[in-house]
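Have a look at the structure below, then the notes.
The values are calculated or read from the model by the stated rules, or taken from the named source; none is laboratory data. Not measured: the values here are computed from a predicted model. Cβ atoms come from the backbone with ideal geometry, glycine included; neighbour counts cover every protein chain shown. What goes into the accessible areas is simple: the full protein's heavy atoms, side chains included, and nothing from ligands, DNA or RNA. Shrake-Rupley method; radii C 1.70, N 1.55, O 1.52, S 1.80 Å.
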Amino acid sequence: MPRFKRPTGTQDILPQEQPYWHHVVQTAERLALRYGYGRLDTPIFEETALFARGVGGATDIVEKEMYSFKDKGGHDLTLRPEFTAGVVRAYIENGMQKLPKPVKLYSIGPIFRYERPQAGRFRQFHQFNAEILGVADPLADLETMLLAWDLYEHLEFGGLSFQLNSTGCPTCRPGYIEALVAHYRAHYDQICDDCKRRLETNPLRVLDCKKAQCQPVIASAPRITEHLCDDCRLHFQTLRGYLDTLGKPYTINPRLVRGLDYYTKTVFEVWAEGIGAQAAVCGGGRYDGLVELLGGPPTPAVGFAAGIERVVMVMKAQGVAVPPLPAPTFFIAWLEKSARPLAVRLLVELRAADLGVQMAMGGSLRSQLRQANRRGARFVLIVGGDELARGEVACKNLLDGGQESFPLENLAERLRRLEAGG
Ligand code: HAM
């Protein structure tokens, strides 16, 4: 048993996992740049009050899941449990409201939530997050959803379902909540204790309950889409119109309420097959009140975040292939110890010429060749013997076993042609 183990809910992402990570992050970043998003990196920890206010005091995240601590200066800080609040803080603090609208920002990095670990649920995980600030039109919601769509299309995984709902706004939501609470009060003896508590603290979350006893009450509950004000109804209709025009399939899910308090109007999730029922690989929506709530000018905004661990898990479960990360093409071996100084010089020179080269650290020639094979090299440069006396190195092709000699002069150029297949 090792003396130290990684904390519960965390993962080591080993070298053999990295091709998946590299592929997902590179694809997300390439698409974000192509869509006109700029990258924003915010601190991994922020003032605790930012999340309490931004995400909402009655959410599971703020009530139970934050990694909060006091630093040595007595400041209350929290490891970010999501990106959006920090992105909005940075938007206001850096005067981005003065930039031409829309302001489009993406971020990639670790997120921390003290959740009960289970399949696809970690305490440290990573998100690709994308936000559009400054546009009230449903076109921004569409742009956000298109990026999510494109991401999964480029990652080539199937079995996806886009879940869409509207959570209304401060004008129409209170009326809906009243109707929802009245429905639940009428069925009070049928619901679970958690829902009884949610009814007091965060009534919308009752719709999210997974307990069997609550399902009939959820099924007969009033639907928020039937309580929307004119503005929210028009917004929802317009967005659906865009999606229909583009032929993008989606499911209206009146139970989709999301676990963060800042949402207004559109909310959506993408569910994927492969890691248990209905695993959300991304979620997001519109949050028109958040910038103002955090001290900025009234600014409509919309965004989403994809969980990279879950994306990778789904890709593996669905057998999606990813390109391998390139191994150095060349490997330097030596015949006799006296050849080592030249081998080292070659190593440094070839690397300076931007070639991928590794070198044997010891062993017989036979074991050096084995090392080269194991490390995925295509060619071994063998330094020593007669070739060295002639100012040449032997170059062995590990794929076909062929061997030829190259002069040391202009070796980098020669190897570059060889690597390119010439
Ligand atoms: P969220 O739904 O809490 O939204 O998280 C987004 C995604 O992060 C989820 O769909 C899931 O893929 C992944 N995720 C969440 N929790 C975990 C976990 N414990 N382990 C592994 N993956 C997880 C947000 O965070 C919002 N800030 C998204 C957003 C951006 N809304 C507007 N802009």
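Within region 100-129, track down each residue that is more than 10 Å from the ligand (Cβ to nearest atom), charged (D, E, K, R) and under 15 Å from F83 (Cα atoms).
Once the filter is applied, which keeps residues that are more than 10 Å from the ligand (Cβ to nearest atom), charged (D, E, K, R) and under 15 Å from F83 (Cα atoms), region 100-129 yields only K104.
For region 130-148, which residues satisfy the criterion of being of a type in the set (D, E, K, R) and surrounded by fewer than 19 Cβ atoms within 10 Å (Cβ to Cβ)?
Selection gives D137 alone.
Restricting to region 307-337, what's the tally of residues that are touching a residue at least 40 places away in the same chain (Cβ under 8 Å) and closer than 29 Å to F406 by Cβ?
Summing the residues that are touching a residue at least 40 places away in the same chain (Cβ under 8 Å) and closer than 29 Å to F406 by Cβ in region 307-337 gives 12.
Looking at the structure I just gave you, is H75 touching an Asp or Glu at 6+ places or on another chain (Cβ under 8 Å), open to solvent by 50 Å² or more (accessible area, probe 1.4 Å) and assigned by TED's automatic domain parsing to the domain that holds T27?
The answer is yes for H75.
Anything in region 45-68 that is in a loop (DSSP other than H, G, I, E, B) and either within 13 Å of L133 (Cβ to Cβ) or touching a Leu at 6+ places or on another chain (Cβ under 8 Å) (or both)? List them, or say none.
Residues of region 45-68 that are in a loop (DSSP other than H, G, I, E, B), as a first pass: 55-59, 66.
Selection gives V55, G56, T59, M66.
For region 14-43, how many residues meet the condition of being surrounded by 14 or more Cβ atoms within 10 Å (Cβ to Cβ) and not in a helix (DSSP H, G or I)?
4
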